[in-house]
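J.: Got a structure for you, questions after.
The values are calculated or read from the model by the stated rules, or taken from the named source; none is laboratory data. This structure is a prediction, so every number in the text was calculated from the model and none was measured. Neighbour counts run over all protein chains shown; Cβ positions are idealised from the backbone, glycine included.
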Amino acid sequence: TKWVYTFGDGKAEGTADMKALLGGKGANLAEMSNLGLPVPPGFTITTEVCTWYTAHAKAYPDELAPQVDAALDHVAKLTGKRFGADHDPLLVSVRSGARASMPGMMDTVLNLGLNDRTVIALAAAADDERFAYDSYRRFIQMYSDVVMGLDHHAFEEILERFKEDNGYVLDTDLTAADWKGLIGDYKKLVEDELGRPFPQDPREQLWGAIGAVFGSWMNARAITYRRLHDIPESWGTAVNVQAMVFGNRGETSATGVAFTRNPSTGDKRLYGEFLVNAQGEDVVAGIRTPQDLTEEARIEAGSDKPSLEQLMPEAYASFIDICARLENHYRDMQDVEFTIERGKLWMLQTRSGKRTTKAALKVACDMVEEGLITPDEAVLRIDPAGLDQLLHPTIDPKAERRIVAQGLPASPGAASGEIVFTSDEAEAAKQAGRKVILVRIETSPEDIHGMHAAEGILTTRGGMTSHAAVVARGMGKPCVSGAGQVRVDEHAGTLTASGEVLKRGDRITIDGGTGQVLLGEVPMLKPELSGDFAKLMVWADAARRMKVRTNAETPADARAAREFGAEGIGLCRTEHMFFDEGRIVAVREMILADTEAGRRTALAKLLPMQRADFVALFEIMHGLPVTIRLLDPPLHEFLPKTEEEIAEVSAAMGVPASRLRERTEALHEFNPMLGHRGVRLAISYPEIYEMQARAIFEAAVEAAAKTGAPVVPEIMIPLVGIKGEFDYAKARVDAVAKAVEKEKRIQIAYSVGTMIELPRAALIADKIAESAEFFSFGTNDLTQTTYGLSRDDAAQFLGAYLKTGILEQDPFVTLDQAGVGSLIEIAAERGRKTRAGLKLGICGEHGGDPASVKFCETVGLDYVSCSPFRVPIARLSAAQAAL
Ligand code: ADP
Ligand code: MG
Ligand code: MG
C-alpha cells in the first residue's frame with residue numbers, strides 16, 4: 001500500500017480531489033505544487049495510516065517507516081539539505097490536516113530536527129546565530145507543549161521574567177546569547193517536569209510528532225467536535241511533513257495570512273496581515289501588532305507601519321499574482337498562509353475561505369459577473385440557514401455581551417426592551433410607546449397580542465417548537481425559549497438569572513440567533529438586503545421545481561411573506577383569528593353553549609369577522625393559492641380561565657356564571673392534544689366548519705370581484721385519521737358551497753383536502769385520496785404522533801437525547817427521514833396511486849429547514865410552506881435540492 005505522497009518543486013503525487021486520503025491541507029499543498037507555485041517540498045502521510053494506527057493499538061503498518069525514509073530522501077534531494085545532518089540540516093514542520101479543518105487536532109510543530117548539534121550547523125549555514133537559537137527555543141517550546149504535554153505557559157513565564165529582568169519589550173530584542181541561555185532554562189524545565197531530557201534524536205522527534213497527530217484524532221476535544229459536526233471517526237487525519245522555510249531570518253523575512261477577498265463584506269480586495277521577522281502563528285498570537293498587506297489598507301487604517309507592498313514590493317507582487325491564480329483555479333475566495341524568507345515568497349496553505357453570509361452573496365454574485373462560476377454554482381454556494389443573518393437585526397459583534405442566561409435559539413434576530421411579565425402589560429407598554437421583552441414561563445394562544453406588542457419573547461420552558469417559538473418565528477420576532485436557569489416570579493415582578501435579580505421595567509436584550517439573554521440594551525446592526533440577495537434569489541427561483549408558500553393568517557404576515565417571495569399561503573390557521581379582541585367572547589360563547597342553537601347564535605357573530613379576515617388575505621394573495629385549515633386546536637385553549645373572563649361571557653350569553661363554570665369543567669381533557677380537536681370538533685359540532693366554509697366562500701366571491709383575480713380556496717380538514725371523518729366534513733363544506741353558489745348565482749371553484757398528521761392517515765392515504773383533493777403534511781403533529789412525543793413537553797428531556805447521541809437532531813427541527821419521512825413517502829405514493837397528480841405540500845416547521853426541504857424534493861412534493869421569514873431560506877433550499 002502507498003501510505004506516503006510527496007509534493008514540491010512543481011509536482012506532486014496527490015491532487016486537490018484527494019482530500020479524503022490526504023486531508024484538506026495535504027491535498028491543497030499537492031495541488032499548489034502541481035500548479036507550479038512555490039511550496040516548500042514535503043510529504044503527506046495518509047488518513048488511512050490514522051485509521052490503521054487507531055485500529056492497531058497505536059502501531060504503524062510495516063511499510064510506513066521505509067516510505068517515510070524515502071520521502072525524506074526526496075525532500076533532501078529537492079532542498080539539498082539532510083534531516084539531522086551536521087551541516088546545513090533540513091528542518092521540517094509537522095502539521096495535522098483532516099478532510100475538514102478541525103479544532104481539537106494537534107497543533108503544528110515547527111523547526112523539527114533541531115538539537116544541540118544541528119542548531120550549531122544551522123547557525124553556521126545561515127551565518128546567523130540569533131536566528132538559529134530563536135528557532136531552537138521555539139521548537140523546544142512547541143514540541144514540549146504539543147507532543148510531550150508540557151503547557152506552553154511555563155515557557156512563556158520564563159521568557160517574560162527574562163525580558164523584565166533585562167528591560168526588553170519585544171521578543172526581537174533578545175540576542176543570540178540571550179536565547180542560548182534561555183534554551184538551557186527550557187531544557188531544564190522539561191527535565192524537571194517530565195523526568196526525562198528533551199529528545200535530541202531528530203528521528204525520535206519526527207516519530208513523536210507523527211504519533212501525536214494521529215493520537216490527537218482520538219482526544220476528547222476532537223471527539224466532541226466530530227460529534228457536534230457529524231464528522232465520522234473513520235475519516236482520520238493526515239500528517240504533513242514539510243521542509244521549513246523561515247520567516248524569522250531577519251528584516252527581509254516575514255510571515256502572514258490573507259483572504260483573497262474581504263471575508264466580512266465580500267469586497268474584492270486582498271485582506272490580511274503579516275509580521276516581519278516572525279514565524280508561524282506569531283501573527284495570530286498577538287505578540288506584536290501585525291501590519292497591513294496593501295498600501296490601500298494601510299492608509300485606510302491610518303497605520304504608520306509600512307505595508308508589505310511598500311516593504312517587500314517583489315514578494316508582494318508575486319503574492320498578488322499567486323492569489324489571483326489560486327482564485328481562478330479554485331474558482332472561489334481563498335484563505336492562504338505564506339512565509340517570505342529573505343525576500344522569497346513561499347505558499348504554505350490554501351483553502352476556501354470562511355465568510356459571512358453577506359460576503360458569500362457578494363463573492364458569489366461577483367464571481368458570476370467575472371465569469372468564474374455559473375448562476376447555478378452561485379446558488380449552491382450559499383448556506384440557506386445563513387440567510388437568517390440578513391433578515392433580522394443582529395447584535396453588533398463589537399458590543400460587550402453580559403450574558404445572564406442561555407436558552408434555545410428559537411427565533412432569530414436580537415431585540416432589547418424592558419421586562420414585562422404579561423401580555424396585557426406588553427400591550428399597554430407598546431401603546432405608551434415603550435419597547436418591551438415579554439418574559440413568560442411559557443406562552444399560550446392568549447398571549448398573541450402580547451407577543452405582537454413585544455420586541456421579543458423569552459420563555460423559561462418549551463423547546464424549538466413550543467408555542468412561543470413557532471409563533472415568534474411566524475411573526476419574525478426574536479425569541480429565546482427554554483431558558484431554564486431563568487426564574488420568573490410574576491407576582492413579585494422579578495426575574496432571577498445567574499444571581500442577578502431583575503425587576504419589571506429593567507432592560508434586557510435577547511439574541512434569538514444564539515439563545516443568549518443579556519443584561520441591558522446592547523448595540524445592534526440593522527438588517528440590510530443587498531442587490532446581491534435579490535440577484536441570487538432570481539437564480540434560485542429559476543433553478544427550483546417546488547413552489548414555496550407561507551404559513552400566515554394575519555395581513556401583516558401575508559404581506560411580509562409576499563415581499564419575501566411566497567407564492568401563496570400553505571397554511572392559514574383559522575384559530576389564530578379567534579383570539580383577537582372582540583372575538584374571544586363570541587368564541588367562548590360558542591364553546592360553552594350546550595345547544596346547537598346556542599352555538600349557531602355565537603357563530604353568527606363570528607361569521608362577518610371571519611369573512612373579513614379571508615377577504616383581506618385573498619386580496620393580498622391576489623390570485624395565488626390559499627390553503628385554509630378549519631378549526632383545529634382543543635377547545636380548552638379557548639376556555640375562560642379567570643373569574644373575570646367567565647363573568648364577561650356570562651353577561652354576553654345571559655347565562656349564570658355557575659353554569660359556565662360547570663360546563664368548563666365538563667370540557668376538561670386529560671390529554672388535549674390527543675383529545676377533542678381537529679375534525680373531531682366538526683363531527684360533534686358541524687356548524688363550526690359550516691360557518692367557516694361560508695366565510696371562506698363569501699370572501700372568495702367578494703375578493704375576486706374586488707381584485708379581478710380569481711380566488712380558488714383550498715379548504716383543509718385537520719387531524720383526519722379515518723376516511724369517514726373526512727367525508728363527513730367534506731359533505732358539509734360542499735353543501736355550504738352549493739348554498740352560497742345559489743345565493744350569489746355564481747360558480748365557486750375550490751378544493752377540499754386534508755392534513756396528513758396522523759400515522760393512520762399516512763397508511764390509508766390511498767383511501768383518503770378517493771375524496772381528498774390535496775394533502776398537506778402537518779409534520780409538527782405527524783412528528784409528535786409518530787414518536788408519541790409531546791412537543792410541548794419534549795424540550796425538558798430531548799436535551800439529554802441529543803447530548804447522549806441517542807438522537808442526532810431535534811426531530812421537531814429537522815425532519816426525521818427514517819420514521820416520519822417514511823410515512824410521508826408512503827402517503828405520497830399511496831395517495832398518488834389513487835389520484836394521479838394529487839397536490840402535495842408540507843406545512844410544518846420543517847418546511848423552512850434546509851435539510852427537510854431537500855427531503856421534500858426527493859419525495860416530489862409540489863410545494864413547501866413555512867413562516868414568512870423563512871421563505872427566502874426555503875426558496876434557496878428548494879433550488880439547491882433541485883440542482
Ligand atoms: P493550522 O492548521 O493551525 O493553520 P498549520 O499547519 O497551517 O496549522 O501551521 C500553522 C503555521 O505554521 C502556518 O501558517 C505557517 O505560518 C507555519 N508553518 C507550517 N509549516 C511551515 C513550514 N514548512 N515552514 C514555515 N512555516 C510553516
Ligand atoms: Mg493552529
Ligand atoms: Mg494553517
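J.: Could you run through the range 558-577 and say how many residues are crowded, with 24+ Cβ neighbours inside 10 Å and either modelled with pLDDT under 90 or not assigned by TED's automatic domain parsing to the domain that holds Glu690 (or both)?
T.: Total meeting the criteria: 0.
J.: Might you check whether a residue that is among the aliphatic types (A, V, I, L, M), in the same structural domain as Met106 (by TED's automatic domain parsing) and in contact with a His (Cβ under 8 Å, 6 or more places away or on another chain) occurs anywhere in the range 3-26?
T.: No, because not a single residue in the range 3-26 is among the aliphatic types (A, V, I, L, M), in the same structural domain as Met106 (by TED's automatic domain parsing) and in contact with a His (Cβ under 8 Å, 6 or more places away or on another chain).
J.: Also: Are any of the residues in the range 484-496 surrounded by 22 or more Cβ atoms within 10 Å (Cβ to Cβ) and closer than 23 Å to Asp396 by Cβ?
T.: Looking for residues that are surrounded by 22 or more Cβ atoms within 10 Å (Cβ to Cβ) and closer than 23 Å to Asp396 by Cβ, one finds none in the range 484-496, hence no.
J.: Determine which member of the set Arg269, Arg249, Arg261 is under 30 Å from Leu174 (Cα atoms), away from ligand 3 (no atom under 16 Å from the Cβ) and of a type in the set (Lys, Arg).
T.: Values: Arg269 fails: under 30 Å from Leu174 (Cα atoms); Arg261 fails: under 30 Å from Leu174 (Cα atoms).
Step by step, each of Arg269, Arg249, Arg261 is checked, and only Arg249 is under 30 Å from Leu174 (Cα atoms), away from ligand 3 (no atom under 16 Å from the Cβ) and of a type in the set (Lys, Arg).
J.: Name the single residue, out of those in the range 343-387 being under 22 Å from the mean Cα position of the chain (by Cα) and within 16 Å of ligand 1 (Cβ to nearest atom), that is surrounded by the fewest Cβ atoms within 10 Å (Cβ to Cβ).
T.: Lys354
J.: Across the range 845-882, which residue is farthest from Leu571 (Cα to Cα) among those that are in a loop (DSSP other than H, G, I, E, B) and at pLDDT 95 or above? Talk me through it step by step, then tell me what you get.
T.: If we filter the range 845-882 for residues that are in a loop (DSSP other than H, G, I, E, B), which is where we start, we get 849, 860-862, 867.
This time we only want the ones that are at pLDDT 95 or above, so: 860-862.
Working: Gly860: 19, Leu861: 15, Asp862: 14 Å.
By that ranking, first place goes to Gly860.
J.: It is to be established whether one or more residues within the range 343-357 are more than 16 Å from ligand 3 (Cβ to nearest atom) and among the aromatic types (Phe, Trp, Tyr). Lay out the reasoning, then the answer.
T.: To start, the set of residues in the range 343-357 that are more than 16 Å from ligand 3 (Cβ to nearest atom) comprises 343-345, 355-357.
Applying the additional criterion that residues be among the aromatic types (Phe, Trp, Tyr) yields none.
No, every residue in the range 343-357 fails to be more than 16 Å from ligand 3 (Cβ to nearest atom) and among the aromatic types (Phe, Trp, Tyr).
J.: Oh, and also: Sort through Pro61, Pro66, Pro103 and tell me the only one that's within 16 Å of ligand 1 (Cβ to nearest atom) and surrounded by fewer than 23 Cβ atoms within 10 Å (Cβ to Cβ). Full working, then the answer.
T.: Working: Pro61 fails: within 16 Å of ligand 1 (Cβ to nearest atom); Pro66 fails: within 16 Å of ligand 1 (Cβ to nearest atom).
Of the residues listed, the single one that is within 16 Å of ligand 1 (Cβ to nearest atom) and surrounded by fewer than 23 Cβ atoms within 10 Å (Cβ to Cβ) is Pro103.
J.: Among the residues of the range 272-294, which ones are away from ligand 3 (no atom under 16 Å from the Cβ) and surrounded by 19 or more Cβ atoms within 10 Å (Cβ to Cβ)?
T.: Initial filter on the range 272-294 (away from ligand 3 (no atom under 16 Å from the Cβ)): 276-277, 286-289, 291-294.
Hits for the range 272-294 are Val276, Asn277, Gln291, Asp292, Leu293, Thr294.
J.: State whether the residues of the range 163-177 include one that is surrounded by fewer than 16 Cβ atoms within 10 Å (Cβ to Cβ) and in contact with a Phe, Trp or Tyr (Cβ under 6 Å, 6 or more places away or on another chain).
T.: The answer is yes; a qualifying residue exists.
J.: Can you go through Glu589, Glu596, Glu619 and tell me which one is surrounded by fewer than 16 Cβ atoms within 10 Å (Cβ to Cβ), assigned by TED's automatic domain parsing to the domain that holds Ala749 and touching a residue at least 60 places away in the same chain (Cβ under 8 Å)?
T.: On the way: Glu589 fails: surrounded by fewer than 16 Cβ atoms within 10 Å (Cβ to Cβ); Glu619 fails: surrounded by fewer than 16 Cβ atoms within 10 Å (Cβ to Cβ).
Result of the check over Glu589, Glu596, Glu619: Glu596.
J.: Does Leu823 fit the bill of being within 12 Å of Lys547 (Cα to Cα) and out of contact with any His (no Cβ under 8 Å at 6 or more places or on another chain)? I'd like the intermediate steps shown before the answer.
T.: On the way: within 12 Å of Lys547 (Cα to Cα): no; out of contact with any His (no Cβ under 8 Å at 6 or more places or on another chain): yes.
In short, no.
J.: Among the helices (runs of 4 or more DSSP H) confined wholly to the range 761-823, which include 2 or more residues that are within 26 Å of the chain's Cα centre (by Cα)?
T.: Details: elements: 765-771, 779-787, 795-804.
The qualifying helices (runs of 4 or more DSSP H) are 779-787, 795-804.
J.: What are the residues in the range 325-337 that are out of contact with any Pro (no Cβ under 9 Å at 6 or more places or on another chain) and either within 16 Å of ligand 2 (Cβ to nearest atom) or without any contact (Cβ under 8 Å) to a residue 60 or more places away in the chain (or both), if any?
T.: Taking the range 325-337 as the starting set, the residues that turn out to be out of contact with any Pro (no Cβ under 9 Å at 6 or more places or on another chain) are 325-332, 334, 336-337.
Listed by number, the residues that qualify are Asn328, Arg331, Asp332, Val336, Glu337.
J.: Let me ask you something else. Check off (1) among the charged types (D, E, K, R); (2) away from ligand 3 (no atom under 16 Å from the Cβ); (3) touching a residue at least 40 places away in the same chain (Cβ under 8 Å) for Asp127 and give me the number that stays unchecked.
T.: Status for Asp127: all satisfied but (3).
To keep it simple, each residue is scored yes or no on (1) buried (at least 19 other Cβ atoms within 10 Å of the Cβ); (2) modelled with pLDDT of 95 or more; (3) under 30 Å from Leu438 (Cβ atoms).
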position: Ile510; (1), (2), (3): yes, yes, yes
position: Glu521; (1), (2), (3): no, no, yes
position: Gly531; (1), (2), (3): no, no, no
position: Ala540; (1), (2), (3): yes, yes, no
position: Ala556; (1), (2), (3): no, no, yes
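J.: Can you go through Gly417, Gly433 and tell me which one is without any contact (Cβ under 8 Å) to a residue 12 or more places away in the chain and either in a strand (DSSP E or B) or not polar (S, T, N, Q) (or both)?
T.: Numbers: Gly417 fails: without any contact (Cβ under 8 Å) to a residue 12 or more places away in the chain.
Of Gly417, Gly433, the one residue that is without any contact (Cβ under 8 Å) to a residue 12 or more places away in the chain and either in a strand (DSSP E or B) or not polar (S, T, N, Q) (or both) is Gly433.
J.: State which residue pairs qualify: first residue over 22 Å from Leu90 (Cβ atoms) and inside the range 139-151, second residue of a type in the set (A, V, I, L, M) and in a helix (DSSP H, G or I) in any location, beta carbons under 8 Å apart, and separation of 6 or more residues or different chains.
T.: Partner pairs satisfying both residue conditions: Met148/Val190; Met148/Leu194; Leu150/Leu189; Leu150/Val190; Leu150/Leu194.
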